[in-house]
Structures are given as C-alpha cells and as structure tokens.
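The values are calculated or read from the model by the stated rules, or taken from the named source; none is laboratory data. Keep in mind it's a predicted model, so treat the numbers as computed, not measured. Side chains are part of the model used for accessible areas, which takes the heavy atoms of the whole protein and leaves out ligands, DNA and RNA. Shrake-Rupley method; radii C 1.70, N 1.55, O 1.52, S 1.80 Å.
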Amino acid sequence: SPPYPMIAMWDGLFSTLDPRVGEALERGDGPSAFAAMHAQLDRVWGEVHRLLCPGGIACLNLGDATRSIGGSFQLYSNHTRVLYSCLALGFQALPEIVWRKPTNAPTKFLGSGTLPPGAYVTLEHEWVLVLRKDGPRRFASAEDKQRRRHSAYFWEERSRWCSDLWELTGSRQELPAAGRPRQRSAAFPLELACRLVQMFSLQEDTVLDPFLGSGTTLFAAALSGRNGIGVEIEPGRGAAHRRHQRSGH
C-alpha cells in the first residue's frame, strides 16, 4: 500500500522526492502534481515486476483522492493511474477487490449538501489491484506441489475471500507526535494482509512489501508461514521497522 497521491498527509514526502510536486501544488496545478507523484511510484512498480517470480502476484492497496486545488474540487483516480502503469510494464490484471470501510460519520457529506448539482458522494472504499507476472504460476517439482497442498485454506474462507467486495474495519491510525513527520500511520487491517498473503502465495514463499510502514504485511507473512522482506525510506521509521522476517521465527 503506497503513499496515496493527492492526499495531503503525503505532500511532504512526494515533494522531497521531486520538488516539482510542491511547486505544482503551490501554483494550484493539481493534474501536474498528480502526474509527478505517480512518476515516483512508477519506479517502484518497475522493481516489483522485476523481482516477482514468473506467475507471481502483486496486490496493491490503493485509495483514490478528492481534493480542492486552485479553487476546483475533483477526484484523482489513483487506482486507475496505477493500473495503466502496471499494464504497460507487462502485468496481467486479475479481478480486483473493493475494500469497503464502514464509515465513522454516516452524516458526513461534501459539497452543497441537498442543493443540486453541487453535492458529492463520499469515498468509503479503497481498491486492491491483483496483478500477475507472466501467466499462471507453474508447480513442476513434487516439493512445490506438496507446499501448495499444505498452503490450502478452508472452504469457508474461500467463500468469504473470493468475493470482489470485502467489508473490513480500518486500523487504528494515530501515531505518537514526538519525532514524527505525520500523525497518522495509514495502516491497513491485519486481516486484509493475511487474506492476500494466504490467497496468493505458498508457505515458505517470500513476500515483499516495498512500503513497510508499520510492518503489517510482514506480520501477516510470519503468521502465515511465509518469509518476508520489507523496505522503508521514511526517516525515523526505517530504523525501527526495516526487517527481514523468516517463517517460523
């Protein structure tokens, strides 16, 4: 789950990576800022494609953004932009998942409320793009076939997981203020990561998270009997969270 372009809490990070982001925001040019932010993420998707094994699966949790810049309110469709970028790299798109998060404010609205046409729907969902490299994964050896059998999940889990709509409550977001460049973690729930790890990898596989953050993905990998590698670039978080977990430890 990367930093979401056009979400204000990530402006500083993207501006540090590319000063043109901050310049575009200052002059009220939302589309240019959006494009420059995604140019930074494109570099990561290229590395993900390079590192995945043939038949490997990339699961990308993305939220779209709504924002007023330069006096104009609009949607910035992050999941659409990332999907097109990944298809250009050679990924194959599999059916995606809509993660619907129950709202904490059912009366919240945007725009002019009940006066047409100026009301806007609130975004209460995020996307999980499911992308595959080089066609279906092959299991040629007896060992891999056995690992695949041992990695099977329950039929009841399949009934819940193999739906394109997941309703999961979000995770606690607050971070201690001292020494933190931001106040929210942007963490997703452990169940989301566990489902994806167990659906799309085998026991003893290695799971890579290029946006380690609070470490939820690696925790899910360890709980599921997978190895895990995480990468973090944010100062003050990498020292605490950069880790290489091995299954069974």
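Couple of notes before you dig in:
- Applying the Karplus relation 6.51 cos²θ - 1.76 cosθ + 1.60 with θ = phi - 60° to the range 67-80 yields 3J(HN,Hα) values of 7, 9, 9, x, x, 10, 9, 7, 8, 10, 7, 5, 5, 5 Hz, where x marks Gly and Pro.
- Here the gap between R147 and D29, fully extended at 0.36 nm per residue and compared with their Cα-Cα distance, gives a gain of 37.4 nm.
- Cut-off under 5 Å, modelled amide H: who pairs with H125 long-range: K101
- Within the full protein context, the accessible area of W127 is estimated at about 40 Å² for a probe radius of 1.4 Å.
- Rounded to the nearest 10 Å², the accessible area of F34 at probe 1.4 Å: 40 Å²
- Computed from phi, the 3J(HN,Hα) profile of the range 207-219 under the Karplus parametrisation 6.51, -1.76, 1.60 (θ = phi - 60°) reads 9, 10, 10, x, 10, 4, x, 7, x, 4, 5, 5, 4 Hz, with x in place of Gly and Pro.
- Accessible area of the range 12-134 belonging to carbon and sulfur atoms, whole % at 1.4 Å probe: 57 percent
- Solvent-accessible area of M37, all protein chains in place: 0 Å² (probe radius 1.4 Å, heavy atoms, ligands and nucleic acids excluded).
- Using θ = phi - 60° in the Karplus curve 6.51 cos²θ - 1.76 cosθ + 1.60, the 3J(HN,Hα) couplings for the range 25-41 round to 5, 5, 8, x, 9, x, x, 5, 5, 4, 5, 5, 5, 5, 4, 5, 5 Hz; x is entered for Gly and Pro.
- Counting only protein heavy atoms and a 1.4 Å probe, the range 1-145 has 53 square angstrom of accessible area per residue.
- Of K101, K133, K145, the order by accessible heavy-atom surface (1.4 Å probe, DNA, RNA and ligands excluded), from most exposed downward, is K145, K101, K133.
- Nonlocal amide H pairs with D205, under 5 Å, H built at 1.01 Å: N227
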